[in-house]
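Notes follow the structure.
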Amino acid sequence: MRTVDLAVYLDVLAAKHAGLGAQLERSRDRLRQASIEREARRALGPETSAQLERLGVFSAADVRGLRTEVTDLAAALRSVEKLQAWVDAQLFAAREDVHAKPIALGLVGGDEPDLAA
């Protein structure tokens, strides 16, 4: 039963990893877009930049906040990856233990261990 629980938990962690990865990419995209907009604002001047901001073309992105968000999400992703590796190792060990029990119990052929005893 432990192997099933570990496998299910790995699936949960995989979903969490995918979600964090998607969030990280969106944050990186917003950071790159903010960088492009900052460069464009300098090149186009204040009047054009103000008009583009009023139209919603330019956003008022907090670059420092976005950098912090990217850093935090990357750290969270690494943490989930470490947990995934640990759970995967536990799952491997549990599977090896299940396969080793019949040999350790000295069972031969089709004999099954009596786990209720």
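Read-outs throughout are calculated quantities, based only on the coordinates presented, and are distinct from any laboratory measurement. If you're wondering where the values come from, they're calculated on a predicted model, not measured in any experiment. No Cβ is skipped: glycine too gets one built from the backbone with ideal geometry, and neighbour counts run over all protein chains shown.
What is the Cα radius of gyration of the stretch 1-56 over 2.2 N^0.38 Å, N being its residue count? Walk me through the numbers before you get to the answer.
Details: Rg = 21.0 Å, N = 56, 2.2 N^0.38 = 10.2 Å.
Compactness ratio reported: 2.07.
Give the relative contact order (percent, whole number) for the stretch 2-104; include only Cα pairs under 8 Å separated by 6+ residues.
It rounds to 50 percent for the stretch 2-104.
Tally Lys/Arg at +1 and Asp/Glu at -1 over every other residue whose Cβ is under 11 Å from the Cβ of Gln23; what's the total?
Within the 11 Å Cβ shell, the charges total 0.
Just the Cα atoms of the stretch 2-104: what Rg and Dmax do they give in Å?
Values for the stretch 2-104 (Cα only, Rg and Dmax): 22.8, 80 Å.
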